[in-house]
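Colleague: Before I ask anything, let me first share the structure, which is written out below as structure tokens.
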Amino acid sequence: MTLRQIGQLILLSALWGAVFMLIKYALADFSPVEVAFLQAAIGAVGVLAIVLAEGGRARQALGDIARRPLTALLLGALAIAAPFLLIAFGELSVPSGLAGVLVSSSPRRWTAARR
């Protein structure tokens with residue numbers, strides 16, 4: 001691993017961990033549903049900006065989504081909205097640090113369960 005890759009990994013870790021802290025702060029003024037909506041909306045705007053900047057195959061993939069809106073809606077609800085909503089509701093009861101640790105360890109739990 002190069003020094004640049006290590007720096008990128010540290011930056012990614014800091015951003016990932018900061019999300020849970022920011023959710024906790026947002027829950028002081030917003031409901032869990034509003035927090036989840038804001039997360040999804042901000043993410044959608046970011047992804048859309050990247051897709052439009054990339055053009056080409058990325059824009060074609062966006063067209064595929066437009067042709068299958070029900071599939072996209074179902075995938076968005078199950079893979080994006082539900083986890084954001086559950087994490088926001090969970091952070092009403094547990095500290096943000098614990099939420100971050102539990103979410104980050106989920107790939108290991110799924111891997112262990114499949115063995």
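The values are calculated or read from the model by the stated rules, or taken from the named source; none is laboratory data. Note that the structure is predicted; figures quoted are calculated from it, not measured. Note: ideal-geometry Cβ built from the backbone for every residue, glycine included; neighbour counts use all protein chains shown.
Colleague: Do we find a residue being in contact (Cβ under 8 Å) with a residue 40 or more places away in the chain, assigned to a helix (DSSP H, G or I) and not polar (S, T, N, Q) anywhere in the range 59-68?
Modeller: Looking only at the range 59-68, we keep the residues that are in contact (Cβ under 8 Å) with a residue 40 or more places away in the chain, and these are none.
Checked the range 59-68: no residue is in contact (Cβ under 8 Å) with a residue 40 or more places away in the chain, assigned to a helix (DSSP H, G or I) and not polar (S, T, N, Q).
Colleague: Let me ask something additional. Restricting attention to the range 1-18, report how many residues are in contact with a Gly (Cβ under 8 Å, 6 or more places away or on another chain) and modelled with pLDDT of 90 or more. Walk me through how you get there before you give the answer.
Modeller: In the first step, residues of the range 1-18 are kept if they are in contact with a Gly (Cβ under 8 Å, 6 or more places away or on another chain); the result is 16-17.
Now narrow it down to the ones that are modelled with pLDDT of 90 or more: none.
So the count comes out to 0.
Colleague: List every residue pair whose Cβ atoms lie under 7 Å apart, where the two residues are 6 or more positions apart in sequence or sit on different chains, the first residue falls within the range 75-93 and is small (Gly, Ala, Ser), and the second residue, located anywhere, is at pLDDT 90 or above.
Modeller: Qualifying pairs under 7 Å: 81/36; 81/40; 88/23; 88/27; 88/32; 88/35; 88/36.
Colleague: Does residue 81 satisfy the criteria of being surrounded by 15 or more Cβ atoms within 10 Å (Cβ to Cβ) and either at pLDDT 90 or above or of a type in the set (Gly, Ala, Ser) (or both)?
Modeller: Answer is yes for this residue.
Colleague: On to the next question. Being farther than 25 Å from residue 93 by Cα, without any contact (Cβ under 8 Å) to a residue 60 or more places away in the chain and in contact with a helix residue (DSSP H, G or I) (Cβ under 6 Å, 6 or more places away or on another chain): is that true of residue 36 here? Walk me through it before giving the result.
Modeller: Values: farther than 25 Å from residue 93 by Cα: no; without any contact (Cβ under 8 Å) to a residue 60 or more places away in the chain: yes; in contact with a helix residue (DSSP H, G or I) (Cβ under 6 Å, 6 or more places away or on another chain): yes.
For residue 36, the condition - farther than 25 Å from residue 93 by Cα, without any contact (Cβ under 8 Å) to a residue 60 or more places away in the chain and in contact with a helix residue (DSSP H, G or I) (Cβ under 6 Å, 6 or more places away or on another chain) - is not met.
Colleague: Hey, another quick one. Report whether or not residue 39 is modelled with pLDDT under 90 and either assigned to a helix (DSSP H, G or I) or on the phi > 0 side of the Ramachandran plot (or both). Outline the logic, then answer.
Modeller: Details: modelled with pLDDT under 90: no; either assigned to a helix (DSSP H, G or I) or on the phi > 0 side of the Ramachandran plot (or both): yes.
No, not satisfied.
Colleague: Kindly indicate the residue of the range 5-48 that is of a type in the set (Val, Ile, Thr) and closer than 16 Å to residue 80 by Cα and also farthest from the chain's Cα centre (by Cα) among those meeting that condition. Break it down stepwise before answering.
Modeller: First, the residues of the range 5-48 that are of a type in the set (Val, Ile, Thr): 6, 10, 19, 23, 33, 35, 42, 45, 47.
Now restrict to residues that are closer than 16 Å to residue 80 by Cα: 19, 23, 33, 35, 42, 45, 47.
Numbers: 19: 9, 23: 12, 33: 15, 35: 12, 42: 10, 45: 13, 47: 12 Å.
Step by step, filter the range 5-48, then rank; the result is 33.
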